[in-house]
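K.L.:
Quick one: this structure, given as structure tokens, is what I'll be asking you about.
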Amino acid sequence: MLSLEDKIGQMFMIGFHGLEPPHWVLDMLANGQIGGVVLFARNVANPEQLARLTKSCHDAAKHPILIAIDQEGGSVTRLYEKDGFTESPGAMVLGAINSEEIAQEVAALLASEMRTLGINWDLAPVVDITHNINNPSVGTRSLGTNKKLVSKLAAAQIFGFQGESVAASAKHFPGLGNTSVDTHEALAVIDDTLETLWERDLVPFRVAVKSRISTVMMTHVKFSQIDPEHPATLSRPVIEDLLRDEIGFQGVTCTDCMEMKAVSDHYGSEESAVLAAIAGQDIILFSHSFNTDSGLYPRIYDTLLEAAKSGRIPMERIDESNIRIARLKARYAITSKPAIDHVGASDRIETMNETARLGLVQVHDNAGLLPLSANDSRKIVLIEFASHLDSGIMEAGGVTAFTEIISTQMPNLESMSLKAAKNPTETIQAALALAKSADIVILATRNAHLNPEELEISQQILSTAGQVILLCLRNPYDILVLENVGTALCTCGDSRPSMRAAVQALLGQFVPTATLPVSIA
């Protein structure tokens with residue numbers, strides 16, 4: 001039987017920096033003060049290193065643990081092909097394909113690699129419906145706009161993940177789609193009525209629960225019509241009344257990272273953890289701030305323990321969570337040594353490449369510019385927007401992954417990379433001069449509709465260049481805000497498979513057949 005100290009530890013999960021767990025993480029695992037860890041790209045170098053890391057955590061732990069990761073595919077990926085893993089296209093690609101079989105296959109393939117690497121919890125799939133084009137958080141992470149499509153494909157992903165013995169997590173309850181605020185930066189407030197949520201955003205979550213989803217992650221959004229005081233993360237009406245009593249979810253709930261500003265700017269770390277537990281959260285995630293305050297996580301644990309001892313967190317509430325967590329850990333226990341021979345295998349990568357091809361959308365080619373030729377006699381240039389802060393976009397030497405891929409197929413291509421914001425005037429002028437000198441410009445955008453400078457420069461390029469092929473490497477909504485586009489392709493995300501598919505489509509190696517799962521009319 002677990003002690004109170006151990007029960008509190010089961011409800012607490014943390015992240016850390018580095019390619020091996022620091023001694024204090026191993027100590028907290030050994031002492032039962034945390035129930036697991038959450039991994040990020042900062043913890044990953046290659047499959048061999050990751051397998052060692054997870055094994056050291058499992059071996060150190062006093063009790064069985066969860067090791068979690070955000071491996072959604074697409075824009076939220078922690079295990080990259082360039083590091084030796086199998087990288088998948090994102091959710092919107094699956095929405096464009098609209099195949100339950102493919103959605104399940106992709107999820108199962110990702111899960112089988114995670115499982116053999118010692119990871120037993122994937123913080124995916126995103127089941128948010130995308131219906132606000134100004135939303136900075138959802139976008140291509142969503143399967144689409146249609147609630148029935150999102151529901152059936154999310155269910156297929158759940159079967160894929162959990163069929164390979166990796167717990168899945170439907171996020172972000174009760175729906176993150178209808179806000180233009182990034183909860184990493186500020187608290188978002190959604191004023192939709194419960195009736196509206198029930199008929200729209202909650203539909204995929206209800207299907208996920210019927211599909212026996214193991215966990216549900218809450219969003220840091222305040223739903224003022226349900227709880228005018230607290231964000232969903234800290235809201236008993238949302239967690240207990242809506243998710244558990246109304247929808248009937250009996251699995252494990254978890255928070256999003258509690259160090260996101262939507263929570264951290266309004267509550268102290270220790271207090272927010274206590275409020276989350278009181279509200280009904282089973283697992284409370286913290287993953288970043290310890291880097292500047294190494295004593296933070298032990299303090300949070302001590303505060304939770306003291307709140308339990310004082311009765312502020314009722315013992316019944318703690319026991320409920322521990323029963324659910326124990327059930328989850330028993331189902332997804334890691335008992336064997338990682339076997340990583342198949343991780344990143346060529347046949348797996350080809351499966352993802354084919355998925356990306358099936359999900360690439362040719363919106364139109366009114367200008368008749370496609371296909372291009374590998375050794376085209378015309379002067380073709382690439383101008384690409386790529387934030388240097390985005391994981392996986394920039395390669396060694398400052399060359400983007402897309403430039404690297406397309407240059408192998410079009411050796412005469414001239415290319416230039418721009419940031420989404422704060423480009424020096426001379427850089428902008430050089431881009432415009434390059435565009436003016438070209439017969440055809442491939443303009444590769446990444447969410448120009450959300451970035452004013454990217455939008456302005458893109459429109460200048462469209463006005464300056466003779467012929468332009470618009471390649472939307474992230475949200476397809478860029479087509480809505482850019483004028484005079486004669487040819488347009490949408491990858492629905494910039495994973496490595498999707499960027500390969502884009503190059504192949506440009507060169508006429510296949511004809512895209514997918515349909516966007518969102519409206520750009």
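K.L.:
If you check every pair at least six apart or on different chains, which have Cβ atoms under 7 Å apart with a residue in the range 146-160 that is touching a residue at least 40 places away in the same chain (Cβ under 8 Å) first and a residue that is open to solvent by 10 Å² or more (accessible area, probe 1.4 Å) and hydroxyl-bearing (Ser, Thr, Tyr) second?
P.N.:
Between residues of the range 146-160 that are touching a residue at least 40 places away in the same chain (Cβ under 8 Å) and residues that are open to solvent by 10 Å² or more (accessible area, probe 1.4 Å) and hydroxyl-bearing (Ser, Thr, Tyr), the close pairs are Ala155/Ser211; Ile158/Ser211; Phe159/Ser211.
K.L.:
In the range 45-69, which residues are among the β-branched types (Val, Ile, Thr) and either touching a Phe, Trp or Tyr at 6+ places or on another chain (Cβ under 8 Å) or assigned to a helix (DSSP H, G or I) (or both)?
P.N.:
Result: Thr54, Ile67, Ile69.
K.L.:
Going through the range 420-440 one residue at a time, which ones are charged (D, E, K, R) and either surrounded by 15 or more Cβ atoms within 10 Å (Cβ to Cβ) or not in a loop (DSSP other than H, G, I, E, B) (or both)?
P.N.:
Hits for the range 420-440 are Glu426, Lys436.
K.L.:
Applying the selection to the range 34-51, what residues are surrounded by fewer than 17 Cβ atoms within 10 Å (Cβ to Cβ) and closer than 18 Å to Ile334 by Cα?
P.N.:
Matches in the range 34-51: Glu48, Gln49.
K.L.:
To continue, here is another question. Does at least one position in the range 152-166 carry a residue that is part of a loop (DSSP other than H, G, I, E, B) and either among the small types (Gly, Ala, Ser) or under 26 Å from Met260 (Cα atoms) (or both)?
P.N.:
Yes, there is a match, as at least one residue in the range 152-166 is part of a loop (DSSP other than H, G, I, E, B) and either among the small types (Gly, Ala, Ser) or under 26 Å from Met260 (Cα atoms) (or both).
K.L.:
All but one of (1) in contact with a Pro (Cβ under 8 Å, 6 or more places away or on another chain); (2) part of a loop (DSSP other than H, G, I, E, B); (3) not small (Gly, Ala, Ser) hold for Asn484; state the number of the condition that does not hold.
P.N.:
Asn484 satisfies every listed condition except (1).
K.L.:
Name the residues in the range 294-336 that are more than 28 Å from Arg115 (Cβ to Cβ) and not in a helix (DSSP H, G or I), would you?
P.N.:
Ser294, Gly295, Gly311, Arg312, Ile313, Pro314
K.L.:
Those residues that are touching a residue at least 60 places away in the same chain (Cβ under 8 Å) and either under 19 Å from Cys257 (Cα atoms) or open to solvent by less than 20 Å² (accessible area, probe 1.4 Å) (or both), I need them from the range 17-33; list them, please.
P.N.:
Of everything in the range 17-33, those that are touching a residue at least 60 places away in the same chain (Cβ under 8 Å) and either under 19 Å from Cys257 (Cα atoms) or open to solvent by less than 20 Å² (accessible area, probe 1.4 Å) (or both) turn out to be His17, Met28, Gln33.
K.L.:
Quick one: count up the residues across the range 220-271 that are in contact with a Ser or Thr (Cβ under 6 Å, 6 or more places away or on another chain), of a type outside the set (A, V, I, L, M, F, W, C) and not in a loop (DSSP other than H, G, I, E, B).
P.N.:
Count: 2.
K.L.:
With farther than 21 Å from His220 by Cα, surrounded by fewer than 21 Cβ atoms within 10 Å (Cβ to Cβ), at pLDDT 95 or above and not aromatic (Phe, Trp, Tyr) as the only criterion, which of Met352, Met315 stands out?
P.N.:
Answer to the check: Met315.
K.L.:
If the requirement is being acidic (Asp, Glu) and either modelled with pLDDT under 95 or under 17 Å from Pro125 (Cα atoms) (or both), which of these qualifies: Asp256, Asp245?
P.N.:
Just a single option satisfies the conditions, and that option is Asp256.
K.L.:
Just to check your reading of the model, which residue among Ser417, Ser495 is more than 23 Å from the chain's Cα centre (by Cα), under 30 Å from Glu72 (Cα atoms) and surrounded by 15 or more Cβ atoms within 10 Å (Cβ to Cβ)?
P.N.:
Being more than 23 Å from the chain's Cα centre (by Cα), under 30 Å from Glu72 (Cα atoms) and surrounded by 15 or more Cβ atoms within 10 Å (Cβ to Cβ) holds for just one of Ser417, Ser495, which is Ser417.
K.L.:
Further question on the same structure: Output the number of residues of the range 176-219 satisfying the condition of being within 26 Å of Met11 (Cα to Cα) and of a type in the set (Ser, Thr, Tyr).
P.N.:
Residues meeting the conditions: 5.
K.L.:
Give the number of residues within the range 419-469 that are of a type in the set (Lys, Arg) and farther than 18 Å from Thr403 by Cα.
P.N.:
Residues meeting the conditions: 2.
K.L.:
Sticking with this structure for a sec: Scan the range 171-201 for residues that are open to solvent by 50 Å² or more (accessible area, probe 1.4 Å), within 19 Å of Leu153 (Cα to Cα) and among the aliphatic types (A, V, I, L, M) and jot them down.
P.N.:
If the condition is that a residue be open to solvent by 50 Å² or more (accessible area, probe 1.4 Å), within 19 Å of Leu153 (Cα to Cα) and among the aliphatic types (A, V, I, L, M), then no residue fits.
The values are calculated or read from the model by the stated rules, or taken from the named source; none is laboratory data. Since we're looking at a predicted model, the values are computed, not measured. Neighbour counts are summed over all protein chains in view; Cβ atoms, including those assigned to glycine, are modelled from backbone coordinates with ideal geometry. Keep in mind that these areas ignore ligands, DNA and RNA; they rest on the heavy atoms of the full protein, side chains included. Shrake-Rupley method; radii C 1.70, N 1.55, O 1.52, S 1.80 Å.
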